[in-house]
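Student: First the structure, which I've put down as structure tokens, then a few questions once you've had a look.
The values are calculated or read from the model by the stated rules, or taken from the named source; none is laboratory data. Here the structure is a predicted model, which means the values were calculated and not measured. Here Cβ is always computed from backbone atoms with ideal geometry, including for glycine, and neighbour counts include all displayed protein chains.
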Amino acid sequence: MFSLRMAAGEAGVFAYDTAFANIKDADGFRAEAQMARAFGFIGKSCIHPSQIAIANDVFRPSDDDIAHAVRVVVAARDADAQGVGAYVVDGRMIDPPFVERARAGAGRDAARAAVGRAAGQHR
């Protein structure tokens, strides 16, 4: 799992986790999805309708996640203008890989959150 995520990152593409075959084990699906998100996967394949809500819950960004990504993008713009390569946002060191992820994710995550809010699934 980790090797796949690292290879995707090296290739500059997003990675989705594979399917979880035991459709009756919702807790197992959730645990595997949470591990995938922690590794940096942006989603998980679902093979049964019962898995969809869990996957959405695990991978949907919170408002804090989106706000952090926006702060990283803004800080990156300012740092680029000043010729700074690494800096701190919200107590975390930020460098180009984090900026790329924030730039890609800020728009995607904002869109996902808006869809979730529209569906009454805000977290």
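Student: Quick one: is residue 86 of a type in the set (Gly, Ala, Ser), at pLDDT 95 or above and more than 17 Å from the chain's Cα centre (by Cα)?
Tutor: Taking the combined requirement at face value, the residue does not satisfy it.
Student: Output the qualifying pairs, or none if there are none: Cβ atoms under 8 angstrom, residues six or more apart or on different chains, first residue in the stretch 63-90 and farther than 13 Å from residue 102 by Cβ, second residue at pLDDT 90 or above and not in a helix (DSSP H, G or I).
Tutor: 86/93; 86/94; 88/94
Student: I'd like the full set of residues that are of a type in the set (A, V, I, L, M) and modelled with pLDDT of 95 or more, limited to the stretch 36-76.
Tutor: Hits for the stretch 36-76 are 36, 47, 52, 53, 54, 55, 58.
Student: Return the only residue of 33, 21, 79 being at pLDDT 90 or above, crowded, with 17+ Cβ neighbours inside 10 Å and more than 12 Å from the chain's Cα centre (by Cα).
Tutor: After ruling out the rest, the residue left standing is 79.
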